[in-house]
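Report on the following structure.
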Amino acid sequence: MTDEPEIAPAPTIPEPRITPNVSGGLPEAEVERITTDLIGALKTVYDPEIPVDIYELGLIYKVDLDDDRKLVIDMTLTAPGCPVAGEMPGWVENAARGVEGIQDVTVNMVFDPPWDASRMSEEAQVALNWW
């Protein structure tokens, strides 16, 4: 036995990921490129009250991409009473429309399941000093 204190391992928090549900007609390489570009676009949208982008916060719940390159994004907010609740879906839509090859975008605001801090990436937790 040693006198050294036990150090608990840091909690493992899965990084938020979006993997578009795809109809199946698009080439895999194109889906990968769109996904990478979409993540980059989503990372430009910030919750104005929190200095972390919506992707790292885990606010994007689901992305569907059909064969016509139309995106449907389900997202949430950190709180239903968020002051930008009416504006943020438009910011997400505009960011997603900037992805090359995307023909149309629909953003759905959902609150089930409710967002909680466990959805944040490690990067977001570090940025907010939640470690």
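With N the number of residues in the range 21-127, Rg(Cα) / (2.2 N^0.38 Å) evaluates to 1.06.
Counted residue by residue at 0.36 nm each, then reduced by the alpha carbon distance between them, the extension gain from Asp116 to Thr44 reaches 23.8 nm.
Once the chain from Gln103 to Ala85 is taken as fully extended at 0.36 nm per residue, the excess over their C-alpha distance is 4.0 nm. Across the range 48-55, computed HN-Hα scalar couplings (Karplus, 6.51 cos²θ - 1.76 cosθ + 1.60, θ = phi - 60°) run x, 8, 10, x, 9, 6, 5, 5 Hz from first to last residue, x flagging Gly and Pro. Applying the Karplus relation 6.51 cos²θ - 1.76 cosθ + 1.60 with θ = phi - 60° to the range 115-120 yields 3J(HN,Hα) values of 5, 9, 4, 5, 7, 6 Hz, where x marks Gly and Pro. Database remark: amide H of Lys62 closer than 5 angstrom to the amide H of Asp74 (H placed geometrically; neighbours at sequence offset of 5 or more, or on other chains; Pro and chain starts carry no H).
Bear in mind that the values in this text are calculations on the coordinates, not laboratory data. Predicted, not measured: the structure shown is a model, and the values here were computed from it.
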